[in-house]
Each structure stands twice: as structure tokens, then as C-alpha cells.
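Notes follow once the structure below has been shown.
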Amino acid sequence: MRRNWTWNVVAGCLLASLALSPAHAQSDYYKGRTVSIVIGAKTGSLALAAQIVSQHLGRYIPGNPTVIFRQMPGGAHLGATGYIYNAAEPDGLTILAANPGVGMAELAGLPQVRFDIRKFEWLGSSGSDGSLFSIRADLPYKTFKEFKDSGRELIAGTTGPGSNAYDMPLLLKEFAGANLRLLKGYAANSDILLAIERKEVDAYAALGTTIKLAVDRGAVRALVRARAPVPGFNDLPIDEDLATDPIGKSLMAIRGIPLLIGRPFAVRPGTPADRVAILRDAFAKTMADPELLAEAKKAQIDMNFISAQEVAKGFNEMMSQPPQVIEAMKKYLQPAE
């Protein structure tokens, strides 16, 4: 009798501990609930990638909650970022699909910034977005060094300050010896590409996927990349390595790190640690889902899992800048507002 009683007590304790385990608790918590993924944009690769993630994430969260995709455009993602940081409940039910470029706005001290990017609970990223600097394919220069040594001035078509099309050639001009004249005013990347094909301008910088399409058309030749890898172009020199001044190198890093972080997801600071852990695990599993990867390929989006630790490391590096670099930002880099 005593032996049976002892085993009953042990079994009861085991069942009780299982019922109180984080996995069991989170399964009960998320079951029947709705998780929102919020992004501060209506269109673009960030929004499309986040929408694809939202369609698959629920299968990997214990309890299989419904996951909805919410768009909150305005303020160049600052509104949505501030909403998650200050207004959303820290309950693990509202996820920010972030634009890492908002870190530049925080560095610049914009008054619209109502968050500390380093205090978010990051879940990971769905992949990086590299950028490339290119020149017209009919020009004779095969490398950046050949172009630089030629002394010839090239005209770079740009949309305006705050864009890859403007900032990348500007920093190469100011800190890497590129003889470039920036021509502003183009409405979109497609307009710059048309100007390239008409030989109205000579150079063009944009996200890697955009430049790759122009390379495939035979319109441009890529010469330089930012630090984020771009499949097929990883042997190109990195802009930071071409910088001849430490201030310029830091400014290129400030521009390049958000692209390396890519498409990160986060919940509000103060979210219970066990819910953060379950969401991180679910996000990692989602990023390996064959259906998600197939959808992303069809949408021409390169998905590759980046851990929460790597995302946090990138933001910590980006935000740890000396005063002289912050001051130089005011002259050379204009964050989107």
C-alpha cells in the first residue's frame, strides 16, 4: 500500500510540474487568441516579406493562434515602431515587423522617435537586404579602382537624400575618392534605370535585388557593395573597406548595418521572458518552412534566418557611435521622416 501511495504522489508531482511548464502554459495562453504582426508600410519588400511570415507563423506557436497582418503606415515606420514600444500591451500578442532604418532616426535625435531600439525584445530577422553601387555596362571600368584611377567624373542618378540611390554614392564620393556628381530628382529607381539606358546618367545605387535585375538586363555593372552580402556579388569590395577616413567608415556602417539586419521582428520591452522564448523558437521554425521559402522565392525575396542575438548585436554596434560621428551624420546622412 505504501509503495502504491508513494508512486501516486510521485506521478501527481510529475503531472503538476508538466502542467506548469512554460510550453504547456504558453499552449494554453495562445490557444484561441489572435497575434498581430504590425508594419509601418503599405507596400515594398518589407511589407511583402512580413505578410508572408504572418501566413505561416501561427502553425509554429503552441496553441496555434490566429495571426493577422496589420499595416500602420506613416512617419517612415516611426509611428508603428513607437506604437509597439509605448502603446501595445507587453503580452506577446503584438509583433513589430520593423524597418531597421529607424535606428538612424534615433541616432539623429529626431523628435518623432519615442523608443529605444536596443530595448526591444528581438525575435530574429527574415533576411538581409544588401545594396550595390553600379555604373553603365558600356563604360570601360571593370572595377572600382579602375574607375577611381581614371579621374573621370560620372553622374549618379538619385532620388534624394535618405535613399540608397543617394547616400551610397555620396559616401563613396566623400570618403572613398569616387569622382561622382549626384543628380537628384528622379521619382523612383525605375526612372534612374531608364536614364541609365538612355545614357543620361552613368551610375546607379540601390538594393541588391534591384541592381541584380539591371545587371541581368545588361544595363549596369556592379562595382561595390555594402557589408550585407548579395548572392552573386560577394566578391565585390565593401564600401567600408574603401573608406580612407574613420568618420566615413563609421557613416558607411550606419548605412550598412540596417541592411545587414534586414527584416527584423520584435515585441515590446517587458514581454514575459517565456513568451519571448516561445515566439523566438516559433519564428526560427517558420523561417525553415518549405512553403514559406517557396512563396518568398516566387516573390523574389531572399529569406534567410538571422537570430535575435545577431539582430541585437547589429543594433548595439550601430547605436554605439562617438559624438563626432553623430555630428557628421547631420551633414552627410538624412534619416527618413
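The values are calculated or read from the model by the stated rules, or taken from the named source; none is laboratory data. Note that this is a predicted model, so its numbers are computed, not measured. Heads up, the Cβs are rebuilt from the backbone with ideal geometry, glycines too, and the neighbour counts pull from every protein chain shown. What goes into the accessible areas is simple: the full protein's heavy atoms, side chains included, and nothing from ligands, DNA or RNA. Shrake-Rupley method; radii C 1.70, N 1.55, O 1.52, S 1.80 Å.
Please report the relative contact order for the range 159-208, taking Cα pairs under 8 Å with a sequence separation of at least 6, and give it as a percent rounded to a whole number.
Contact order relative to length: 41 percent.
Between R152 and R59, what is the spin-label point distance in nm, taking each point 7 Å from the Cα along the Cα→C-beta axis?
5.3 nm
Please work out the average accessible area per residue across the range 69-108, using the 1.4 Å probe convention, and give it in Å².
It amounts to 31 Å² per residue over the range 69-108.
What whole-number value in Å² describes the accessible area per residue of the range 170-259 for a 1.4 Å probe?
Numbers: 3810 Å² over 90 residues.
Normalised by residue count, the accessible surface of the range 170-259 is 42 Å².
Using alpha carbon centroids, what distance separates the range 185-207 and the range 133-182, in Å?
That distance is 12 Å.
Determine the sum of side-chain charges near F115: Lys and Arg each +1, Asp and Glu each -1, restricted to other residues whose C-beta is under 10 angstrom from that of F115. Provide the component values of the computation, followed by the final result.
Working: positive: R114, R118, K119, R268; negative: E106, D116.
So the surrounding residues net to +2.
Using the Cα gyration tensor of the range 83-186, with a ≥ b ≥ c the square roots of its eigenvalues, what is the shape: rounded (a/c below 1.5), prolate (a/b larger than b/c) or oblate (neither)?
Here the range 83-186 falls in the prolate category.
Between A277, A188, A226, where does the largest GNM mean-square fluctuation fall for the chain, given springs only between Cα atoms within less than 10 Å?
Of A277, A188, A226, the most mobile in the Gaussian network model is A188.
Can you tell me what percent of all Cα-Cα pairs in the range 25-76 are more than 13 Å apart?
It works out to 57 percent of all Cα pairs.
What number, in percent, do you get for the relative contact order of the chain if the mean sequence gap of Cα pairs under 8 Å and at least 6 apart is divided by its residue count? Could you put the intermediate results ahead of the total?
On the way: 633 pairs, mean separation 85.5, N = 337.
Rounded, it is 25 percent for the chain.
How high is the FRET efficiency from D274 to R118, r the C-beta distance, R0 22 Å, rounded to 0.05?
The formula returns an efficiency of 0.50 here.
Provide the net charge surrounding L48, with neighbours chosen by a C-beta distance below 15 Å and charges set as Lys +1, Arg +1, Asp -1, Glu -1. Numbers along the way, then the final one.
Details: positive: K42, R70, R263, K297, K298; negative: D129, E295, D302.
That works out to +2.
Note down the net charge around I37, summing +1 for each Lys or Arg and -1 for each Asp or Glu among other residues with Cβ under 12 Å from its Cβ.
Details: positive: R70, R263; negative: none.
Combined, the nearby Lys, Arg, Asp and Glu give +2.
Could you work out what % of the accessible surface of the range 133-245 is carbon and sulfur, using a 1.4 angstrom probe and leaving DNA, RNA and ligands out of the count?
C and S fraction of accessible area: 49 percent.
In the range 25-101, what percent of the accessible surface is made up of carbon and sulfur (1.4 Å probe, ligands and nucleic acids excluded)?
Details: 1430 of 2990 Å².
Its accessible area is 48 percent carbon and sulfur atoms.
Could I have the simple spin-label model distance between E89 and D241, label points 7 Å from Cα toward Cβ, reported in nm to one decimal?
Between E89 and D241, the simple spin-label model gives 5.0 nm.
May I ask what percent, to the nearest 5, of DSSP beta bridges between residues of the chain are antiparallel? Walk me through the numbers before you get to the answer.
Details: 17 of 33 bridges.
The antiparallel proportion sits near 50 percent.
Given labels modelled 7 Å from the Cα in the Cβ direction, how far is it in nm from K285 to K297?
2.3 nm
Where the only charges are on Cβ atoms (+1 Lys, Arg; -1 Asp, Glu), what is the dipole of the chain about its Cα centre, to the nearest 20 debye?
Working: 37 positive and 33 negative charges, 108 e Å.
With Lys and Arg at +1 and Asp and Glu at -1, about 520 debye.
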